[in-house]
1. Tell me, what is the per residue accessible area of the range 299-388 in Å², probe radius 1.4 Å?
2. At R0 = 56 Å, how high is the FRET efficiency between Arg425 and Glu177 if r is their beta carbon distance? Nearest 0.05 is fine.
3. Shape call for the range 375-470 from the C-alpha gyration tensor, a ≥ b ≥ c root eigenvalues: rounded (a/c under 1.5), prolate (a/b greater than b/c) or oblate?
4. Amide H to amide H under 5 Å from Gly471: which residues, 5+ apart in sequence or cross-chain, H placed 1.01 Å off N in plane?
5. What are the semi-axes of the equivalent ellipsoid for the range 229-306, taken as the square roots of 5 times the Cα gyration tensor eigenvalues, largest first, in whole Å?
6. Assuming a ≥ b ≥ c are the square roots of the Cα gyration tensor eigenvalues, decide whether the range 179-268 counts as rounded (a/c under 1.5), prolate (otherwise, with a/b larger than b/c) or oblate.
7. Could you list the residues of the range 37-78 with an amide nitrogen less than 15 Å from a label point located 7 Å from the Cα of Asp164 in the Cα-to-C-beta direction?
8. Which of the DSSP-defined H helices in the chain satisfy a minimum axial length of 24 Å, computed from C-alpha atoms, and a minimum mean Kyte-Doolittle hydropathy of 0.0?
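The values are calculated or read from the model by the stated rules, or taken from the named source; none is laboratory data. Because the structure is a prediction, the values reported are computed rather than measured. Ideal geometry is used to build each Cβ from the backbone, glycine not excepted, and the neighbour counts take in all protein chains shown. Just the protein is used for accessible areas: all its heavy atoms, side chains included, with ligands, DNA and RNA removed. Shrake-Rupley method; radii C 1.70, N 1.55, O 1.52, S 1.80 Å.
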Amino acid sequence: MSIQVVLTQPFTDQKPGTSGLRKPVRVFQQPNYLENFIQSIFDSQEGIGGKTLVLGGDGRYYNRQAIQTILKMAAANGIGRVLVGCGGLLSTPATSCIIRENKAYGGIILSASHNPGGPDGDFGVKFNISNGGPAPEKVTEAIYARSREIQRYQILQAADVNIDRIGSFKLGTMDVEVMDPVASYLKLMESLFDFDRIKDLLTSGNFSMCMDSMHAVTGPYAKRIFEETLGAQPGTVINGEPLEDFGGGHPDPNLVYAKALVEKMFADEAPDFGAASDGDGDRNMILGRKFFVTPSDSLAILTANAHLVPGYKDGLKGVARSMPTSSAVDRVAQKLGIDCYETPTGWKFFGNLLDADKVTLCGEESFGTGSNHIREKDGLWAILFWLNIIAVRRQSVEEIVKAHWQEYGRNFYSRHDYEEVDPTRAAELVEYVRSQFSSLPGRQFGKYTVALADDFCYTDPVDGSVSKNQGLRIVFTDGSRIVFRLSGTGTKGATIRVYLESYEPDANKHHLDTQLALKHLIAIAEEIAQIKKFTGMDAPTVIT
Ligand code: G1P
Ligand code: ZN
């Protein structure tokens, strides 16, 4: 086996976004495209030689080929050992867990998260660092800088290796360990949750659940955890077979895309509890019988009930949410007397807060919730957390949520996405809103008066780094908010996200339909941003 040095030329578009480098499969299939990016990771990481890396992906199309390429490149670049998930599978949270457990240098996750897969879908590469979390901006910037200069990459000339059998072998001088993707993760979950109590609930005969793995990576995890370990009925996990194209679906756990689950949960004979996770297993959606829990509420409810869960019973250090996430959790934090941090969108901003032990739980409105147990959001963890709460409280999802609103008030919340917008027009919309920043404060729109209009800027309280331009905020005097942001994960045109939040303390109004409760704010967003004019669209493409 010899090391081949391949001459190459830089691609100009290898800038990692909100969550790694995400592009259509066809872009990744261009000669040298994947190789350039992987070599840029190796070149920009000092001291990576001889170290351990974790490698796996969500099983989407191109996962298996990419694993082979990366293993051979790692061997040629002097990596000491690679831990790879059997079948090339590792969920994002499991990767984070394995990096931490093995004190690895970092990990490479092959996933475009919730974006569709298949030859015409998307592919992605994420690099995680030794704390198990996504590489922070200074690391991704260094990778990007390297990718603009790269002239050559190194790869071992070797036959493909067998990644479908658990075991260890050498590739050149590098050790490869093909591991069970589930075992470490399951052990971690058992250390946090009351599995006996959840098992009692699931085997009691009067509680049923449905878990939709959306033909993505959590299938094997969910079957092992819910059906084999916790005694849920066989068939509890639906769409549990990971497929390269996710069965043609869009593996994003929301009311629009998790169709199979939503149909079941809104039918007359619905199970008591429903949940779904995304392509790489870091997102979650929680449903009760004919009842949807917004991710922002879910974070608030987990925080308020954390004392019921063994792993969190000693109290929380603090909580964090991304700026566009509703402030429901802020109210809980206030009552608990703990700090609540507001970060820019993207999990990487939680890493420092978790490492510095400033927060225990964190979450985003985009169906992401997690804690200090790893450094990624974690779909199955959130689902187990809910099950643990239900197992203790023995109330339905709806009862738990409504009791929460009763105590804290309700933050009506919705996100409107406009996808595949002409990037120039999207940038113009942002500029147009920005141009009103000086005139907006004090302006009245019906019952709403603007208190603040700005571009969210975050100073990391741990390392002092500053992240500018993280979303446009229009905050009203009663705490209601409209936020405009451009997506950093889309691969086709621009996606404009409009986040709407309105606080309602009056329990008599908590039953209102969300879109109705937000209708004035929706109209104000249109007035301020002229969305129809700039996008040429009459309505959002996705509402969550
Ligand atoms: C989206 C979500 C964000 C999440 C990210 C990765 O990013 O909005 O909260 O962290 O996906 O899952 P966006 O496309 O908005 O940049
Ligand atoms: Zn994901």
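1. Per residue, the range 299-388 has 25 Å² of solvent-accessible surface.
2. About 0.70, to the nearest 0.05.
3. prolate
4. Residues meeting the criterion, in which the H sits 1.01 Å from N, are Phe456.
5. Ellipsoid half-lengths, sorted descending, are 21, 16, 14 Å.
6. oblate
7. 63-65, 68
8. none
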